[in-house]
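Trainee: Next up is a structure, given as structure tokens.
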Amino acid sequence: PGLKRLLEKGPVKAMEVHSGISALIANDAFVEDQKEKREFDALWISSFTETACKGHPDADILGFDSRLDTINQVIDCSSKPILVDGDTGCDPNFFEYMVKKLERLGVSGVIIEDKRYPKRNSLDADAKQELEDPDSIAEKIRRGKAMQLTDDFMIIGRIESLISGLTVEDALMRARKYLKAGADGIMIHSKSISPQDIL
């Protein structure tokens with residue numbers, strides 16, 4: 001089943017992959033005890049590890065063709081649902097193209113973050129994390145949803161308010177706008193050692 005159907009049943013365990021060999025490992029990895037055999041339900045292609053694997057910083061340096069190459073490697077090595085890190089999605093016209101391309105490849109969904117293009121890695125202590133206007137991200141989500149061929153593909157809004165030092169209220173405001181625009185889910189990001197703001 002696709003990722004959307006798996007999520008409807010409950011929590012999903014996804015493993016990050018960034019190459020064909022990492023996809024093979026994640027695809028076949030499992031833990032077995034006397035009661036059951038547990039494995040990863042899905043794969044997550046992260047821009048952070050994909051760019052690091054190619055020797056570049058996570059700062060929108062590599063083009064989409066590089067990401068497509070990685071996605072195709074993963075598709076060749078696994079039949080598990082794939083969720084792709086779409087960074088900022090670039091501009092709305094390009095995001096429409098990205099959604100069409102990913103869905104046709106058989107990817108289950110894309111996550112876009114609400115930082116300004118070109119983004120800087122969220123864990124970079126020296127980088128200034130500037131957020132995009134939430135209405136602009138909502139419009140990008142709306143346009144991406146309009147390009148889908150089926151209801152199975154998901155667009156998930158990633159909120160960077162806490163990374164940027166803003167409030168939980170700002171994150172909630174953004175979440176509401178993205179959901180109203182048609183986002184299939186929300187991912188909220190934090191680098192705090194405490195889970196309190198996320199909870």
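Trainee: Charges at C-beta only: +1 for Lys and Arg, -1 for Asp and Glu. How large is the resulting dipole of the range 4-108 about its Cα centre, in Debye rounded to 20? Can you show the working numbers first?
Mentor: On the way: 13 positive and 19 negative charges, 80 e Å.
Value, rounded to 20: 380 debye.
Trainee: To continue, here is another question. For the range 8-88, state which trypsin sites (Lys or Arg not before Pro) are in a DSSP loop and have at most 13 other beta carbons lying within 10 Å of their beta carbon. All intermediate terms of the calculation are to be shown ahead of the outcome.
Mentor: Numbers: sites: Lys9, Lys13, Lys35, Lys37, Arg38, Lys54, Arg67; in loops: Lys13, Lys35, Lys54.
Answer by residue number: Lys13, Lys35.
Trainee: Report, to one decimal in Å, the Kirkwood hydrodynamic radius for the range 80-165 based on all distinct Cα pairs.
Mentor: Values: mean 1/r = 0.0755 Å⁻¹.
Roughly 13.2 Å, rounded to one decimal.
Trainee: Of all beta bridges DSSP finds with both residues in the chain, what is the antiparallel percent, to the nearest 5? Show your work: numbers first, answer last.
Mentor: Values: 4 of 23 bridges.
Counting only bridges with both partners in the chain, antiparallel ones make up about 15 percent.
Trainee: Ignoring ligands, DNA and RNA, how do Glu32, Glu132 rank by accessible area with a 1.4 Å probe, largest first?
Mentor: Details: Glu32 120, Glu132 50 Å².
In descending accessible area the options line up as Glu32, Glu132.
Trainee: Gaussian network model of the chain, Cα springs within a sub-10 Å range: biggest mean-square fluctuation belongs to which of Tyr178, Tyr97, Tyr117?
Mentor: It is Tyr97.
Trainee: For Ile193 and Asp60 in one chain, what is 0.36 nm times their gap in residues minus the Cα-Cα distance, to one decimal in nm? Provide the component values of the computation, followed by the final result.
Mentor: On the way: separation 133, 0.36 × 133 = 47.88 nm, distance 2.66 nm.
Result: 45.2 nm gained on full extension.
Trainee: Follow-up question, since we're still on this one. Can you give the Rg and Dmax of the range 31-74 based on its C-alpha atoms, in angstrom?
Mentor: In order Rg, Dmax, the Cα atoms of the range 31-74 give 15.3, 47 Å.
Trainee: Note down the accessible area of Phe30, probe 1.4 Å, to the nearest 10 Å².
Mentor: 110 Å²
Trainee: With every protein chain present, what is the per residue accessible area of the range 20-159 (1.4 Å probe, Å²)? Intermediate results must be reported in sequence, preceding the final value.
Mentor: Values: 6840 Å² over 140 residues.
Roughly 49 Å² per residue, with all protein chains present.
Trainee: Continuing with this model, one more query. Compute the relative contact order of the range 55-135 as a whole-number percentage, counting only Cα pairs closer than 8 Å that sit 6 or more residues apart in sequence.
Mentor: Details: 72 pairs, mean separation 25.9, N = 81.
Computed over the range 55-135, the figure is 32 percent.
Trainee: In degrees, nearest 10, range 0 to 90: what is the angle between the Cα axis of helix 92-105 and the longest Cα principal axis of the chain?
Mentor: Long axis of 92-105 versus the principal axis of the chain: about 10 degrees.
Trainee: Given only helices, namely DSSP H runs of n ≥ 4 each adding -39500 (n - 2.57), what is the per-residue ellipticity at 222 nm of the chain, to the nearest 500 deg cm²/dmol?
Mentor: On the way: 7 runs with 78 residues, N = 199.
Only helices count here, giving -12000 deg cm²/dmol.
Trainee: Also, I was wondering about something else. Taking only the alpha carbons of the range 1-55, what extent do you get along each of the three principal axes, in Å, biggest first?
Mentor: If we take the Cα atoms of the range 1-55, the spans are 42, 26, 15 Å.
Trainee: Just the number, please: percent antiparallel of the DSSP beta bridges in the range 89-199, rounded to the nearest 5. It would help to have the intermediate numbers written out before the result.
Mentor: Details: 1 of 10 bridges.
Once the DSSP bridges in the range 89-199 are tallied, antiparallel ones form about 10 percent.
Trainee: On the protein heavy atoms, probe 1.4 angstrom, tell me the percent of accessible surface of the chain carried by carbon and sulfur.
Mentor: Details: 5620 of 10620 Å².
Result for the chain: 53 percent of the exposed heavy-atom area is carbon or sulfur.
Trainee: Here is a further query. To the nearest 10 degrees, how steeply does helix 64-77 sit against the main Cα axis of the chain, on a 0 to 90 scale?
Mentor: Rounded to the nearest ten degrees, it is 20.
Trainee: A further question follows. Suppose a student asked you for the relative contact order of the chain, using Cα pairs under 8 Å spaced at least 6 residues apart; what percent would you report? Working shown, then result.
Mentor: Details: 325 pairs, mean separation 33.9, N = 199.
Averaging sequence separation for qualifying contacts and normalising by length gives 17 percent for the chain.
Trainee: Further, regarding this structure: Identify which of Leu83, Leu105, Leu43 has the largest mean-square fluctuation in a Gaussian network model of the chain, with springs joining Cα atoms closer than 10 Å.
Mentor: The residue that fluctuates most here is Leu105.
Trainee: For helix 134-147, what angle does its Cα long axis make with the longest principal axis of the chain, in degrees from 0 to 90 and rounded to 10?
Mentor: 40 degrees
Trainee: Now, a different point. Between Tyr117 and Lys35, what is 0.36 nm times their sequence separation minus the Cα-Cα distance? Round to one decimal in nm.
Mentor: Working: separation 82, 0.36 × 82 = 29.52 nm, distance 4.77 nm.
Contour length minus Cα-Cα distance gives 24.8 nm.
Trainee: Given q = 0.10, 0.14, 0.17, 0.19 Å⁻¹, what are the Debye log10 I(q)/I(0) values for the range 1-111, with equal point scatterers placed on the Cα positions and solvent ignored?
Mentor: Evaluating at q = 0.10, 0.14, 0.17, 0.19 Å⁻¹ gives log10 I(q)/I(0) of -0.30, -0.57, -0.81, -0.99.
Trainee: Mind putting a number on the dipole of the chain about its Cα centre? Charges go on the C-beta only, +1 for Lys and Arg and -1 for Asp and Glu, and I need it in Debye to the nearest 20.
Mentor: 440 debye
Trainee: Next up: Please list, short to long, the whole-number percent of alpha-carbon pairs of the chain in consecutive 10 angstrom bins beginning at zero.
Mentor: 9, 35, 38, 16, 2, 0
Trainee: Normalising by the residue count of the range 81-188, find the relative contact order in percent from Cα pairs under 8 Å and 6+ residues apart. Before the final figure, lay out each step's value.
Mentor: Details: 177 pairs, mean separation 30.0, N = 108.
Over the range 81-188, the number comes to 28 percent.
Trainee: Specify the residue with the greatest mean-square fluctuation among Thr167, Thr88, Thr51, computed from a Gaussian network of the chain linking alpha-carbon atoms under 10 Å apart.
Mentor: Thr167
Trainee: Non-local amide H neighbours of Arg116 (under 5 Å, H modeled in plane, Pro and chain starts lacking H): which ones?
Mentor: The list, which skips near neighbours in sequence, is Glu130, Leu131, Glu132.
The values are calculated or read from the model by the stated rules, or taken from the named source; none is laboratory data. All figures in this text were calculated on a predicted structure; none of them were measured in a lab. Don't worry about glycine lacking a Cβ; one is built from the backbone with ideal geometry, like all the others, and counts go over all protein chains shown. Side chains included, ligands, DNA and RNA excluded: accessible areas come from the protein's heavy atoms. Shrake-Rupley method; radii C 1.70, N 1.55, O 1.52, S 1.80 Å.
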